[in-house]
Amino acid sequence: MHTSKFCLNPAGDTPSACRLFDAIVSLCVPVIVSDSIELPFEDVIDYKKIAIFVGTKASLRPGYLASLLRGVSTERILEFQKELKQVYVTTLLTMSLKRSSNLSPICLLICLNWERLGRVLYVP
């Protein structure tokens, strides 16, 4: 994930499969495929700043996703990553360290382990 620019996040995350969380801590822009999805911490996180949303039908058209993602400029990817890092540091990490979040125990463990790596991640 650390070398990927985009991470596919189809609807259906479970407490043991934290794709969205993994993408955020990896600074990998989530590509959320869903027509209607409730995202964690929507009241705190502005997902429009950190993710790309794609409708289910559109995602099934041959070549659509590849074309869409190829059209995202390097500057925009860096903006997404800057926002992802901010969300990780100010929201997810803080909540997990305070143990006051609704994150599953598995996601909390991942967050605590990623915290060490987060110190060495660099986004210009």
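With 16, 67, 36, 59 as the choices, which residue is modelled with pLDDT of 95 or more and more than 13 Å from the chain's Cα centre (by Cα)?
Working: 16 fails: modelled with pLDDT of 95 or more; 36 fails: modelled with pLDDT of 95 or more; 59 fails: modelled with pLDDT of 95 or more.
When all the criteria are applied, what remains is 67.
All of (1) modelled with pLDDT under 90; (2) among the hydroxyl-bearing types (Ser, Thr, Tyr); (3) under 19 Å from residue 23 (Cα atoms) hold for residue 74 with one exception: (1).
Tell me the helices (runs of 4 or more DSSP H) entirely within region 2-80 that contain at least 1 residues that are of a type in the set (A, V, I, L, M, F, W, C) and touching a residue at least 40 places away in the same chain (Cβ under 8 Å). Talk me through it step by step, then tell me what you get.
Numbers: elements: 19-25, 56-60, 64-70.
Per the criteria, 19-25, 64-70.
The values are calculated or read from the model by the stated rules, or taken from the named source; none is laboratory data. Note that the coordinates shown come from a computational prediction; the quantities given were computed from them, not determined experimentally. Cβ atoms come from the backbone with ideal geometry, glycine included; neighbour counts cover every protein chain shown.
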